[in-house]
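**Q** Input: one structure, supplied below.
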Amino acid sequence: MASYSVNNKAQTNGDHEVHETSCRYLPSDKKYLGDYTSCSSAVTEAKKTYSQSNGCATCSTACHTS
Ligand SMILES: [Zn+2]
């Protein structure tokens, strides 16, 4: 179980990255998503706010698509 947040600011490619709250790349401008057993659930939740959401390449590798 981990806590996840999504970046309120999009990357240059339009993706809103989903991070574990312990990630060193966690942005200050973020929206808390909740606690999830997998990053895929967190990304699904993030997509309710930002349809173009993607897992962070560092903390959510399994959910990162490029
Ligand atoms: Zn991250």
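**Q** I'd like the full set of residues that are open to solvent by 20 Å² or more (accessible area, probe 1.4 Å) and either modelled with pLDDT under 95 or aromatic (Phe, Trp, Tyr) (or both), limited to the range 1-19.
**A** Listed by number, the list holds a single entry, MET1.
**Q** Among the residues of the range 20-64, which ones are among the β-branched types (Val, Ile, Thr) and either surrounded by fewer than 15 Cβ atoms within 10 Å (Cβ to Cβ) or more than 13 Å from the ligand (Cβ to nearest atom) (or both)?
**A** To start, the set of residues in the range 20-64 that are among the β-branched types (Val, Ile, Thr) comprises 21, 37, 43-44, 49, 58, 61.
Correct list: THR21, THR37, THR44, THR49, THR58, THR61.
**Q** Residue by residue through the range 27-66, note down the ones that are part of a loop (DSSP other than H, G, I, E, B), under 12 Å from ASN7 (Cα atoms) and out of contact with any Asp or Glu (no Cβ under 7 Å at 6 or more places or on another chain).
**A** Here is the first cut: in the range 27-66, the ones part of a loop (DSSP other than H, G, I, E, B) are 27-29, 37-38, 50-52, 56-60, 64-66.
After this cut, where a residue has to be under 12 Å from ASN7 (Cα atoms) as well, the list is 27-29, 50, 52, 56.
Across the range 27-66, the qualifying residues are PRO27, SER28, ASP29, TYR50.
The values are calculated or read from the model by the stated rules, or taken from the named source; none is laboratory data. All values reported here derive from a predicted model rather than from experimental measurement. As a convention, Cβ positions derive from the backbone with ideal geometry for all residues, glycine included, and neighbour counts pool all protein chains shown. For the accessible areas, the whole protein counts, side chains as well, though only heavy atoms, and no ligand, DNA or RNA atoms are used. Shrake-Rupley method; radii C 1.70, N 1.55, O 1.52, S 1.80 Å.
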